[in-house]
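Working notes for the structure below.
The values are calculated or read from the model by the stated rules, or taken from the named source; none is laboratory data. Computed from a prediction, not measured in an experiment: that's the story for all the values here. Heads up, the Cβs are rebuilt from the backbone with ideal geometry, glycines too, and the neighbour counts pull from every protein chain shown. For the accessible areas, the whole protein counts, side chains as well, though only heavy atoms, and no ligand, DNA or RNA atoms are used. Shrake-Rupley method; radii C 1.70, N 1.55, O 1.52, S 1.80 Å.
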Amino acid sequence: MSTVDRDQPLGTPTWIDLTVPDLDRAQRFYGSVLGWTFDGDHCLLRDLPVAGLRQGTARPAWTVYFATDDCDRTAKAVAAAGGKLLDHPRDDGDQARVAVAEDPTGARFGLWQGRKLPGARLVNEPSTLMRNDLVTPAPNPARDFYCQVFSFTLDGNDDLSGVDFTFLRRPDGHEIGGIVGDPSASASVWGTLFLVTDADAAGARAVEHGGEIVETQDSPYGRMVTVKDPFGAEFVLGS
């Protein structure tokens, strides 16, 4: 269990959000699968914000936001490294200063300079964000990009033999996620994994409320169930 009450170091996945065409249905779905309650655009666990959910016309997909202490400066670094700004730095009320970008491989991500809200207030416990990994058919340009923008270092993973995987580490050595090279991937996407106590049971609740099981697998790190919500947004349940 981890409670977050301050802004995180540069490059730390710190917030996630999703835009859907039917907010009421999305709240029913995620409330049933993860036990969240809702207040405005915020998904809550024990009355603390853990994710964002809002209504809109954008293609539904979970977006991960990386922490920065200067959103404008990091946005410039994104552009200098070959990325593209989709949503230039702006104030999200008094919560944060944010931007949305696309890396050179086409993967979408955000920047989050916390103000009133440092990001997800609970992480690494059931029904909260556990980790984000990038799956891409072009891993080398992605690795170069994120290392340049966020000063990450790379580290291999002997637990996943035969998989083109590298950890991304902050300058202090803390692992923030990884990059998976997959030549069969049709697009580059940052995945979102929520920790749950029982991935199969949570997946069954997802199906019951209009979702779809995409894949189930046992990994060296536990049981993983990939789910598609009623709007087509994918995420992983891990236990």
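For region 157-216, what relative contact order do you get, as a whole percent, if you take Cα pairs closer than 8 Å and at least 6 residues apart?
18
Where the accessible area of region 5-125 is counted over protein heavy atoms with a 1.4 Å probe, how much of it, in %, is carbon and sulfur?
43
Could you pull out the longest piece of the chain with no exposed loop trypsin sites (Lys or Arg not before Pro) in it, calling a site exposed if DSSP puts it outside H, G, I, E, B and it has at most 10 other Cβ atoms within 10 Å? The partial results should precede the final answer.
Values: sites that count: R6, K116.
In short, 117-239.
Go through region 7-19 residue by residue and turn each phi into a ³J(HN,Hα) via Karplus (6.51, -1.76, 1.60, θ = phi - 60°); whole Hz please, and just put x for glycine and proline.
After applying 6.51 cos²θ - 1.76 cosθ + 1.60, I find 4, 8, x, 3, x, 6, x, 10, 8, 9, 8, 9, 9 Hz.
Counting alpha carbon pairs within less than 8 Å and at least 6 residues apart, what relative contact order, in whole percent, applies to the chain?
Rounded, it is 20 percent for the chain.
How large is the Kirkwood hydrodynamic radius of region 58-163, in angstrom, based on all distinct alpha carbon pairs?
15.1
Kindly report the accessible area of region 147-191 per residue (heavy atoms of protein chains, probe 1.4 Å, no ligands, DNA or RNA), in Å².
For region 147-191, the per-residue accessible area is 52 Å².
Let me know the charge dipole size of the chain about its Cα centre in debye, to the nearest 20, where only the beta-carbon of Lys, Arg (+1) and Asp, Glu (-1) is charged.
Values: 22 positive and 35 negative charges, 99 e Å.
In total the dipole reaches around 480 debye.
Could you give the length gained on full extension between D182 and D94, defined as 0.36 nm per residue of separation minus the Cα-Cα distance, in nm?
Length difference between fully extended and current span is 27.8 nm.
Picking from S188, S219, S161, which is most flexible by a Gaussian network model of the chain using Cα springs under 10 Å?
Among S188, S219, S161, the largest mean-square fluctuation in the Gaussian network model of the chain belongs to S161.
So what are the ³J(HN,Hα) numbers for region 231-239, from phi and the Karplus equation (6.51, -1.76, 1.60; θ = phi - 60°), rounded to whole Hz, Gly and Pro as x?
Calculated HN-Hα couplings, in order: 9, x, 7, 9, 7, 10, 9, x, 9 Hz.
Kindly provide the pair-distance distribution of region 86-239 built from C-alpha pairs, with 10 Å bins from 0 and whole-percent values in order of increasing distance.
In whole percents, the pair-distance histogram is 10, 33, 39, 17, 1.
Compute the FRET efficiency between S151 and T37 as 1/(1 + (r/R0)^6), taking r as their Cβ-Cβ distance and R0 = 22 Å, and round to the nearest 0.05. The partial results should precede the final answer.
On the way: r = 37 Å, r/R0 = 1.68.
Step by step, r from the Cβ atoms, then E = 0.05.
So for the pair R115, D159, with labels modelled 7 Å out along Cα→Cβ, what separation do we get in nm?
Once both label points are built, they end up 3.9 nm from each other.
Quick query: amide H of A51 versus all other amide H atoms, modeled in the peptide plane; which residues come in under 5 Å with a sequence gap of 5 or more or a different chain?
C43
Counting alpha carbon pairs within less than 8 Å and at least 6 residues apart, what relative contact order, in whole percent, applies to region 118-239?
25
Before rounding to the nearest 500, sum -39500 (n - 2.57) across all DSSP H runs of length at least 4 in the chain and divide by the residue total; then give [θ] at 222 nm in deg cm²/dmol.
-5500 deg cm²/dmol
Just by accessible area at a 1.4 angstrom probe, what is the order of H88, H209 from largest to smallest?
Correct descending sequence by accessible area is H88, H209.
Counting only residues 5 or more places away or on other chains, whose amide H sits under 5 Å from the amide H of T192 once H atoms are built in the peptide plane?
HN-HN under 5 Å from T192: V236.
Using amide H atoms built 1.01 Å from N in the peptide plane, name the residues 5+ places from L129, or on other chains, whose amide H lies under 5 Å from its own.
Placed amide hydrogens put N124 under 5 Å from L129.
Tell me the per residue accessible area of region 1-86 using a 1.4 Å probe; a whole number in Å² is fine.
Working: 4140 Å² over 86 residues.
Using a 1.4 Å probe on heavy atoms only, each residue of region 1-86 averages 48 Å².
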